[in-house]
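The values are calculated or read from the model by the stated rules, or taken from the named source; none is laboratory data. Just so we're clear, the structure is a prediction, and the values are computed from it rather than from any experiment. Methodologically, a virtual Cβ is constructed for each residue, glycine included, from the backbone with ideal geometry; neighbour enumeration extends over all protein chains shown.
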Amino acid sequence: MFSFVEKTKKIILTRGDTAQIGFDFTVTVGDSVVSDYKAVFHLKQKTGVRYPLLASTELVDGVLIITHEMTQGLESGPYWYDIEITAGDQVMTYGPYQLQLEPDVG
């Protein structure tokens, strides 16, 4: 099962399932809108620097691809994600938002 709640940006995913989510970022550097940027998804159990990074992947053309391997070994429950966008010398963070990992039977 996979769903994305547009209003809250919450991702709901069954552990081990795959998902693709398209994000439409408008990235500006100075007064210019740029298309040459890097966006990286980060997943943690809780927000804050003391919690380890559980998964990380670069978005491809604005699309986040969550693979089976990214969540198969995690316990079900609430997690947090953000997307770090780098353009030139600018760094912007989209999030944090909740990712709810649902249990599977296998």
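Whenever a residue of region 46-62 is closer than 21 Å to Phe23 by Cα and free of Cβ contacts under 8 Å to residues at least 24 places away in the same chain, its partners that are of a type in the set (D, E, K, R) and outside any loop (DSSP other than H, G, I, E, B), lying with C-beta atoms within less than 8 angstrom and at least six residues away or across chains, give the pairs Glu58/Lys38.
Here is a yes/no grid of residues against (1) closer than 23 Å to Asp104 by Cα; (2) in contact with a Gly (Cβ under 6 Å, 6 or more places away or on another chain):
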{"position": "Lys9", "(1), (2)": "yes, no"}
{"position": "Asp17", "(1), (2)": "yes, no"}
{"position": "Phe23", "(1), (2)": "no, yes"}
{"position": "Thr47", "(1), (2)": "no, no"}
{"position": "Tyr51", "(1), (2)": "no, no"}
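Would you point out the residue of region 1-34, among those that are small (Gly, Ala, Ser) and loosely packed, with under 10 Cβ neighbours inside 10 Å, that is modelled with the lowest pLDDT? This residue is Gly30.
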